[in-house]
Amino acid sequence: MRPLFTAAEMRALDARAIAALGIPGPRLMEHAGRGAAAVIAREAAPIRGKRVLVLCGKGNNGGDGFVVARHLKAKGARPRVLLFARRAEVGGDAAQALSRWRGAVEEIHDDGAVARALEATDLVVDALLGTGLTGPARGIVAQAIDRLNAFAGRSGVPVVALDLPSGLGSDGGALLGPTVRATLTATFAGLKRSLMLHPAAELAGRVMVVPIGIPPEEVGRGLSTFALEEGDVRQLFPPRPTEAHKGTYGHLLVIAGSAGKTGAAALAGRSALRSGVGLCTVATPASQQPIVAGFSMELMTEPIPETSAQTLAVKAREHLVELALARDAVALGPGLSLDPESQALARALVAEVPRPMVVDADALSALAGHLDLLGEVAGPRVLTPHPGEMARMLGTSIAQVQADRIEIVRRFCEQHRVHLVLKGARSVLGAPDGRVFVNPTGNPGMATGGSGDVLTGMVGAFLARRFDLLAALQAGCYLHGLAGDLAAADRGEEGLLAGDIVEAIPAAINRAPR
């Protein structure tokens, strides 16, 4: 996994490198600019003779740009430096970097000069604004950003952003104002949160981390937010022993379904089987049991007493607890319905079942206004809300949830001592100890009914396979997204079905390097 930085955390890392590791600020800037220049030269090869327009602000991001220009010139490129300030306004480490640049520096005071310069370039380097931005870009810089975006969109000329696309904040996914749309972002030392969160991430293009001379063991020290990588799940799937049997891989109980929502129960059960669980039983209303059983021959089913609305009845509570005790883990919620009796049953099961449980869909709605239950549960819990369900549980708006996804998840998990994934583009996973992880896999084709039920079955399967809770959640989310990516690569994003994701799960697991 890779650390994700806020602007404050990045400043602290720089300060620690200077004070404790003895790496001067100008040397850090030199490493950053030289590394970015190497990336640019490689990605834009052959770089010799290319006209490179370097747009520099007066701060440290501009200093990085001066270093990049110097190293690109040494590689045979033809850099042209535009400074959006007076030379006298450039201070600190950036001033030292500027003093080492032996070429011309054009001070920019009007939009027309930017337009003319853009028309005579093969590549643009954006070094206008860095991680210290706290509000929207303004004035001539904002005009330049708009001009650059229009030009690049029309011409196809690549744009390489240094550290962050200018105009983008470091800490969240929201857009602050005019923002450079980069082809590639060369970010320094480590990923910034905004590079992993939408919609901000859409403007970063491909992202490459450029080391700046700080030892890797120091880079992530003290951080609690990370991006998942494929290697984080690979060790969870060693080759199966020859003597393995179905009991080796656990038995999952799925409590799900109601009239008209049997597909949700079946998807959760089948995705669990595709995730390698040894056995899976779906407990569903008695009238719906034949329908669920008809979806998959490999599923076992259990008919459960039901209400007049053909939903699970609260009188089934003791029977369901007994069923759970005979299994390794429980998945609760897909298609359960919002029937008041079924909602009361869901709350009782969340509180009373001692087995590891993944709680999803209508069972999450049952917790709205009853989050105190999470402090008294009989076993470990993993919650899998989408933003609407999270907002209902918190009694807030979806917009407020989406505005600060990482910290919303962190606070909830710490307060209620649960593991949780806030689903959506770049799902955010949290653990009770305050660690948060952003999942990079998945695609817009997965925005389809049943996709969340598939995730529930996968996480449930990994719990039944006796993964610890965080490992089950990480594996479920990463491989769910990867299965969606594989399915989309085969079928395209348009018209992708949850069932397509299910059938791609084995390929996603088997693709993980061993």
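Some values worked out for this structure:
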{"quantity": "Ranked 249, 478, criterion: other C-beta atoms within 10 Å, fewest first", "calculated": "249, 478"}
{"quantity": "Label-point separation, residue 417 to residue 308 (7 Å along Cα→Cβ), nm", "calculated": "4.1"}
{"quantity": "Neighbourhood net charge (13 Å Cβ-Cβ; Lys/Arg +1, Asp/Glu -1) for residue 302", "calculated": "-1"}
{"quantity": "Cubic angstrom per residue, convex hull over Cα atoms of the chain", "calculated": "155"}
{"quantity": "Span per principal axis, largest first, for the Cα atoms of segment 426-514 (Å)", "calculated": "39, 24, 23"}
{"quantity": "Fewest-first ranking of 47, 505, 18, using other Cβ atoms within 10 Å as the exposure measure", "calculated": "18, 47, 505"}
{"quantity": "Rg and Dmax of segment 202-301, Cα atoms only, in Å", "calculated": "21.4, 65"}
{"quantity": "Pairs of lysine residues in the chain - Cα separation under 22 Å, sequence separation of 8 or more or cross-chain", "calculated": "7"}
{"quantity": "Rounded Å value of the spacing that divides the Cα centres of segment 349-383 and segment 439-494", "calculated": "21"}
{"quantity": "Potential extension, residue 511-residue 489 segment - 0.36 nm per residue separation minus Cα distance", "calculated": "6.5 nm"}
{"quantity": "Principal axis dimensions, largest first and in whole angstrom, of segment 2-223 by Cα", "calculated": "46, 37, 35"}
{"quantity": "HN-Hα J in Hz across segment 492-506 - Karplus 6.51, -1.76, 1.60, θ = phi - 60°, x for Gly and Pro", "calculated": "x, 6, 5, x, 5, 10, 4, x, 5, 5, 4, 5, 8, 4, x"}
{"quantity": "Residues 446, 390 arranged by fewest to most Cβ contacts within 10 Å", "calculated": "390, 446"}
{"quantity": "Segment residue 235-residue 396, extension gain: residue separation times 0.36 nm, minus the distance between their alpha carbons", "calculated": "54.1 nm"}
{"quantity": "Segment 269-317-segment 144-208 distance, computed between alpha-carbon centres (Å)", "calculated": "47"}
{"quantity": "Whole-number percent relative contact order across the chain, with pairs defined as alpha carbons under 8 Å at least 6 apart", "calculated": "12"}
{"quantity": "Karplus 3J(HN,Hα) series, Hz, for segment 32-40 with 6.51 cos²θ - 1.76 cosθ + 1.60 (x for Gly, Pro)", "calculated": "5, x, 5, x, 5, 4, 5, 4, 4"}
{"quantity": "Along each principal axis, Cα extent of segment 135-224, largest first, Å", "calculated": "42, 26, 22"}
{"quantity": "Equivalent ellipsoid dimensions for segment 287-383 as semi-axes, Å, which come from the Cα gyration tensor, largest first", "calculated": "21, 16, 12"}
{"quantity": "Computed Rg/Rh of segment 429-475, alpha carbon atoms with Kirkwood Rh", "calculated": "1.01"}
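Each value in this text was obtained by applying a stated rule to the coordinates, not by laboratory testing. What you see is a predicted model, and the numbers here were worked out from it, not measured in a lab. Counting neighbours? That spans all protein chains shown, and the Cβs are built from the backbone with ideal geometry, glycine included.
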